[in-house]
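This report refers to the structure that appears directly beneath it.
The values are calculated or read from the model by the stated rules, or taken from the named source; none is laboratory data. As the structure is a prediction and not an experimental result, all values here were calculated from the model. Every residue, glycine among them, receives a Cβ derived from its backbone with ideal geometry; neighbour counts consider all protein chains shown. Calculation scope for accessible area: heavy atoms of the full protein, side chains included, ligands and nucleic acids excluded. Shrake-Rupley method; radii C 1.70, N 1.55, O 1.52, S 1.80 Å.
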Amino acid sequence: MSLYSRHVLPLLTHLAMSKKALAAERARWIPLASGVVLEIGVGSGLNVPFYTSSVRRLYALEPSEELRRMAARRTGGARFPVEFLAASAENIPLPAASVDMVATTWTLCTIEDAGRALREFRRVLRPEGRVIFVEHGRSPDVHVARWQDRLTPIWRRVAGGCHLNRPIGRLLEEGGFAIEGLECGYVRGPRFGSYLYRGIGRPGT
Ligand SMILES: C[S@@+](CC[C@H](N)C(=O)[O-])C[C@H]1O[C@@H](n2cnc3c(N)ncnc32)[C@H](O)[C@@H]1O
């Protein structure tokens, strides 16, 4: 692994993800999590302060060692046990039907095989479980989407594999989730990276 991926990228990820506009989204969606929660790509742990005491246990899955280290600094005061999983979303080291909720924020863009990850989400979720998601993705504006397609090959290289152009709603539906109240729209920032998809997904039958 290069010096950039190991040390520089985690720091840049933390800085980019610490923006106020993103914190407002975290504050709105993360408190909805309860029970046994699996967070995918926990990053530097910026969601951790927004979980409430309705969470019984948090599995914090994160492949980057450096980001796990940064996140561990934020979990000290958590009101529930936090267990880090040094793993990737395509192979979640948890038994089937073992979690109540999966939380994913700005991560589905980066997972190499998002379809496989979504199958894993379904496997580990209990039948009545839910996925909370806040993700950026493909804009419905043709002009912006064209730029997202153009920029993605370069962007992936510098931004740790992030795709700007994934149609997150469709991806979740194709992955077998019914979405309750999908909310889409731009937040502050350049349009190619600020079109958000947020909502709650329920595993279909
Ligand atoms: C843009 S960051 C978002 C971090 C965090 N979710 C947040 O909201 O601040 C993308 C995260 O996805 C993680 N990631 C990349 N590939 C992954 C994979 N295959 N499985 C799980 N997480 C992955 C990265 O290490 C990084 O923490």
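Quick one: which residue in Ile168, Ile154, Ile132 is away from the ligand (no atom under 13 Å from the Cβ), hydrophobic (A, V, I, L, M, F, W, C) and surrounded by 19 or more Cβ atoms within 10 Å (Cβ to Cβ)? Give the steps one after another, and end with the answer.
Working: Ile154 fails: surrounded by 19 or more Cβ atoms within 10 Å (Cβ to Cβ); Ile132 fails: away from the ligand (no atom under 13 Å from the Cβ).
It is Ile168.
Scan the stretch 59-79 residue by residue and report those that are in contact (Cβ under 8 Å) with a residue 60 or more places away in the chain and among the aliphatic types (A, V, I, L, M).
Step one: filter the stretch 59-79 for residues in contact (Cβ under 8 Å) with a residue 60 or more places away in the chain, giving 66, 70.
Within the stretch 59-79, just Met70 meets the criteria.
Say we look at the stretch 79-109 and pick out the residues that are open to solvent by 30 Å² or more (accessible area, probe 1.4 Å) and among the small types (Gly, Ala, Ser); which of these is farthest from the ligand (Cβ to nearest atom)?
Restricting to residues being open to solvent by 30 Å² or more (accessible area, probe 1.4 Å) and among the small types (Gly, Ala, Ser), the top hit is Ala97.
Which one of these is open to solvent by 60 Å² or more (accessible area, probe 1.4 Å), within 24 Å of Arg188 (Cβ to Cβ) and either modelled with pLDDT of 95 or more or touching a helix residue (DSSP H, G or I) at 6+ places or on another chain (Cβ under 7 Å) (or both): Leu15, Leu22?
Numbers: Leu22 fails: open to solvent by 60 Å² or more (accessible area, probe 1.4 Å).
Going through Leu15, Leu22 in turn, just one is open to solvent by 60 Å² or more (accessible area, probe 1.4 Å), within 24 Å of Arg188 (Cβ to Cβ) and either modelled with pLDDT of 95 or more or touching a helix residue (DSSP H, G or I) at 6+ places or on another chain (Cβ under 7 Å) (or both): Leu15.
Provide a single number: the residues in the stretch 110-120 that are touching a residue at least 40 places away in the same chain (Cβ under 8 Å) and either surrounded by fewer than 23 Cβ atoms within 10 Å (Cβ to Cβ) or within 11 Å of the ligand (Cβ to nearest atom) (or both).
At the first step, the residues of the stretch 110-120 found to be touching a residue at least 40 places away in the same chain (Cβ under 8 Å) are 110-112, 114-115, 117-119.
The next check asks that each one be either surrounded by fewer than 23 Cβ atoms within 10 Å (Cβ to Cβ) or within 11 Å of the ligand (Cβ to nearest atom) (or both); those that pass are 110-112, 114-115, 117, 119.
Adding up the residues that qualify gives 7.
Name, by its number, the condition in (1) within 21 Å of Glu65 (Cβ to Cβ); (2) at pLDDT 95 or above; (3) not polar (S, T, N, Q) that does not hold for Ala78.
Failed condition: (2).
Just to be sure before I move on: is Arg123 in a helix (DSSP H, G or I) and farther than 30 Å from Pro153 by Cβ in the structure I sent? Working first, answer last.
On the way: in a helix (DSSP H, G or I): yes; farther than 30 Å from Pro153 by Cβ: yes.
Taking the combined requirement at face value, the residue satisfies it.
Is at least one residue of the stretch 43-56 within 8 Å of the ligand (Cβ to nearest atom) and in a strand (DSSP E or B)?
Within the stretch 43-56 (the criterion being within 8 Å of the ligand (Cβ to nearest atom) and in a strand (DSSP E or B)), the answer is no, since none of the residues qualifies.
Quick test for you: out of Ser5, Ser18, pick the one residue that is touching a residue at least 40 places away in the same chain (Cβ under 8 Å), small (Gly, Ala, Ser) and closer than 21 Å to Gly193 by Cα.
Values: Ser18 fails: touching a residue at least 40 places away in the same chain (Cβ under 8 Å).
Result: Ser5 is the single residue among Ser5, Ser18 that is touching a residue at least 40 places away in the same chain (Cβ under 8 Å), small (Gly, Ala, Ser) and closer than 21 Å to Gly193 by Cα.
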